[in-house]
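What follows is a short report on a single structure.
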Amino acid sequence: MDLNLILLASVDGVSYASLLFLISLGLTLICGVFGVINVAHGSLYAFGGYSAATLLAWLTPHTSSTPVMILALFVAAAVVGGALGMLLERGLLRFFQDRDPILQLLVTFAAFMVLEDLQRMIWGSTPVSAGDLAGRMGTVELGGVTFMNYQLLFVPGVALAAYAGLQFLLRHSLAGRQIVTVIHNREVATALGINAARVGTLTFALAGALGALGGALSVPMTSFVPGLGAEMIVTSFAVIATAGLGQITGALIAALLIGLSRAMVVYVLPELEVVMPYLMMVAVLLVRPHGLFSVTAARRI
Amino acid sequence: MKLLAQFLGASAVLLALSGTSHAQQARPVEIRLGMSTFMTGAASVLGAPAKAAADMWIEDFNAAGGIDGVKLKPTWIDEGQGADKFLSDYRRLAQEPGEKVMISAISSGYCNALAPVAEDLKVVNILWECSTEKVLEDRRYKYVFRTGPNGTMEMVAAVLQLLRTKPDFKTIAVVNQDYAWGRDSWEVFRNTLLALKPDVKIVAELFPKFGAPDFSTEVTRLQALRPDVVLSTAWGGDLDTFLRQASQRGLLKNSQFILPLADSSLERLGDAIPPGVIVGFVGDGYFADPEYANDPETRAFVQKFKQRTGAYPNFAVYHMIQALKATTGAYKHFLADNGGKWPSAEQLATTLRGSEYRGLSRPIRMREDGQALQGQLLGITRKDPSQAFPLVGQLTFYPADIVAAPVGQKSVEWVKSLKPDLVQNAQIKRVGN
């Protein structure tokens, strides 16, 4: 495998990692605040993609401006993902707040199945895609191979911006610092006068929007079919398990690790492509059982 | 001793009575059809239109009087719910009392699992969609039939079409889904190709995960390798995604694509498929087939289906209609030959075995091993002002006799014995102009 091929594989790896990261980000955020793996996050990804495709299809006869269409992706993700995320928390998970984590997991799984059926009701089972948006951004030649700018620059750019924005929000804004406090210790945070319930809703809305954004950004490249949500949630679970639950920087590194290794293996040993995310996860967890970036948890009495 | 003789005599009478009741099958109120299709999951791309088509066809068939007054009553099983649940549902339906025929399944895995069950329960089962040739080659069944083509016919015809379209290529790469069909179809395709054109070099064998959302790495690798030909037997959302990404990045300009199952994706992909791609129909059902587009029955069906679902029928729809017509045809045939007597499951199976029927295109013949002989239609995409998506022109029809492994032979071994002159076989004929 020569240097040129490594370069080509890295490009693909990074673009795949970017999408994976966006989805894992929301998952890991909820995991931090609520201590639960939100299986329904996979549906938010699907809803984000489907609704972005619907919005784009509706827009196409009215405008041919690429920036408007890009904006539409973000709007669809923020509105649909944010609203669904909030609804999930307010309408469902809040009632299972202090219950057994296994029960909470099952509740999110139930929500996932309901949403999956709802999605089939609305969009049916025919593959849905957002046509030519990715093509509009043009292509670039790299080492004799054509890449789409959308995939090469735009998606990784959005992922990085989301990462930077989230870090900034958590460190420097009031709401963000409240989230960090609740992640650290809900009871103490409540005692300090933080409205933990409101923070929970906010986190869910933010996480939902991020998951839906992952879907909205992938709909110009891929075809959405029933079952895609489950696919994505499993892979992104591998990411956050590798990273350490609730770790944002960890999720970025882990997504890159999984994305790159998956791309490389297509060149060397294509047979292993399917299991690569899980092999990486197992390899990391064998050495660091709580993930790459787990922090020592304070013992609570 | 006398007692024993009396007992034996009584048993003989009873046996004779049960024998006549067996032959004098009572006419049922309705025929229950145990039908299975993917209603959930990625494969519902094929399953949902087929179900819509079946419901529509059965409605019309019942309205027209059914089989001599006996109506069809379908019960559906979702194949998307996992193997255990599927098989238990299947058993339950197959064991219900009353007249029944099973029309199942799409998944090759399920077909392999259910064939012995149907045989044990002595229920006629039509494998309506699954393509795996192995199920009917590994074992002989009395009650199990496939009314559509198998993977061998589809792949051998695809190789012939490729060699006729582009005889002088040197390298080929494959991108198939990583599951039974993707692997098995490649095995048959590869062995056929190597038998007919031994100097071909296989430069990449890629098997991305079933339902993969991203094929960029595969596309990049293919662009770096620049194979003359790219084969993919993928279907549904996977094929859509792969083709869209490949086409956006110009891969279809550099390599000749051959997509034996792309019929079901053309309408959705629109301009993502350029002219010049080899496309197959998994049988010979095509709404724009010049020989059948104006056939009254076919035209009425296609129009009604388009009206109801918003799409043209794909190959799963044609296969479903074939299955229904073969089954009902066998009933009618038996009734006509036996003065209105109703057949037992065994008699129905015997009638089906030698039967000839038509789906919505050319006539099909059922072979003694339960495998239907259906010819294959392939062609090349072209732009047409009448539609927003590519149509398929330069259609070529491959009769089943030359692309099917003979009864009793295993496909993979049979294709290895093929000779290069098959490409010029006189039975291959152009359809339309």
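Would you check which residues across region B:419-433 are under 27 Å from B:Glu291 (Cβ atoms) and not in a helix (DSSP H, G or I) and list them?
Residues of region B:419-433 under 27 Å from B:Glu291 (Cβ atoms): B:421-433.
Passing the criteria: B:Asn425, B:Ala426, B:Gln427, B:Ile428, B:Lys429, B:Arg430, B:Val431, B:Gly432, B:Asn433.
In the set B:Glu267, B:Glu297, which member is assigned by the TED database to the domain that holds B:Trp128 and part of a helix (DSSP H, G or I)? Working first, answer last.
Working: B:Glu267 fails: assigned by the TED database to the domain that holds B:Trp128.
One residue alone meets the criteria, B:Glu297.
From the list A:Ala209, A:Ala205, pick out the single residue that is crowded, with 24+ Cβ neighbours inside 10 Å, aliphatic (A, V, I, L, M), out of contact with any Leu (no Cβ under 6 Å at 6 or more places or on another chain) and modelled with pLDDT of 85 or more. Before the answer, list the steps.
Numbers: A:Ala205 fails: crowded, with 24+ Cβ neighbours inside 10 Å.
Matching residue, one of A:Ala209, A:Ala205: A:Ala209.
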Q) Tell me, which helices (runs of 4 or more DSSP H) lie completely within region B:123-240 with 2 or more residues that are away from chain A (no Cβ under 12 Å) and either without any contact (Cβ under 8 Å) to a residue 24 or more places away in the chain or charged (D, E, K, R) (or both)? A) B:134-138, B:151-165, B:180-196
Q) Would a scan of region A:239-262 turn up a residue that is hydroxyl-bearing (Ser, Thr, Tyr), in a helix (DSSP H, G or I), over 30 Å from B:Phe207 (Cβ atoms) and more than 14 Å from chain B (Cβ to nearest Cβ)? A) yes
Q. Among the residues of region B:57-85, how many are part of a helix (DSSP H, G or I), more than 29 Å from B:Asp337 (Cβ to Cβ) and not hydrophobic (A, V, I, L, M, F, W, C)?
A. 5
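Have a look at B:Ala54, B:Ala42, B:Ala94, B:Ala50 and point out the one that is buried (at least 18 other Cβ atoms within 10 Å of the Cβ), part of a helix (DSSP H, G or I), in contact (Cβ under 8 Å) with a residue 40 or more places away in the chain and within 14 Å of chain A (Cβ to nearest Cβ).
Numbers: B:Ala54 fails: within 14 Å of chain A (Cβ to nearest Cβ); B:Ala42 fails: part of a helix (DSSP H, G or I); B:Ala94 fails: within 14 Å of chain A (Cβ to nearest Cβ).
Of the residues listed, the single one that is buried (at least 18 other Cβ atoms within 10 Å of the Cβ), part of a helix (DSSP H, G or I), in contact (Cβ under 8 Å) with a residue 40 or more places away in the chain and within 14 Å of chain A (Cβ to nearest Cβ) is B:Ala50.
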Q: Keeping to region A:25-50, report how many residues are outside any helix (DSSP H, G or I) and of a type outside the set (Gly, Ala, Ser).
A: 4
(Q) The conditions are (1) modelled with pLDDT under 90; (2) crowded, with 24+ Cβ neighbours inside 10 Å; (3) within 30 Å of B:Gln424 (Cβ to Cβ); (4) not hydroxyl-bearing (Ser, Thr, Tyr), and B:Ile278 fails exactly one of them. Which is it? (A) (1)
Q.
Can you tell me which residue is nearest to B:Leu335 (Cα to Cα) among those in region B:61-85 that are touching a Phe, Trp or Tyr at 6+ places or on another chain (Cβ under 9 Å) and of a type in the set (Asp, Glu)?
A. B:Asp68
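Being away from chain A (no Cβ under 13 Å) and in contact with a Lys or Arg (Cβ under 6 Å, 6 or more places away or on another chain) narrows it down to one of B:Pro260, B:Pro290, B:Pro275, so name that one. Walk me through how you get there before you give the answer.
Values: B:Pro260 fails: in contact with a Lys or Arg (Cβ under 6 Å, 6 or more places away or on another chain); B:Pro290 fails: in contact with a Lys or Arg (Cβ under 6 Å, 6 or more places away or on another chain).
Unique residue meeting the criteria: B:Pro275.
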Q: Specify the residue that is surrounded by the fewest Cβ atoms within 10 Å (Cβ to Cβ); the eligible residues are those in region A:170-194 that are modelled with pLDDT of 90 or more, outside any helix (DSSP H, G or I) and not hydrophobic (A, V, I, L, M, F, W, C).
A: A:Gly193
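The values are calculated or read from the model by the stated rules, or taken from the named source; none is laboratory data. Computed from a predicted structure; not experimentally measured. Here Cβ is always computed from backbone atoms with ideal geometry, including for glycine, and neighbour counts include all displayed protein chains.
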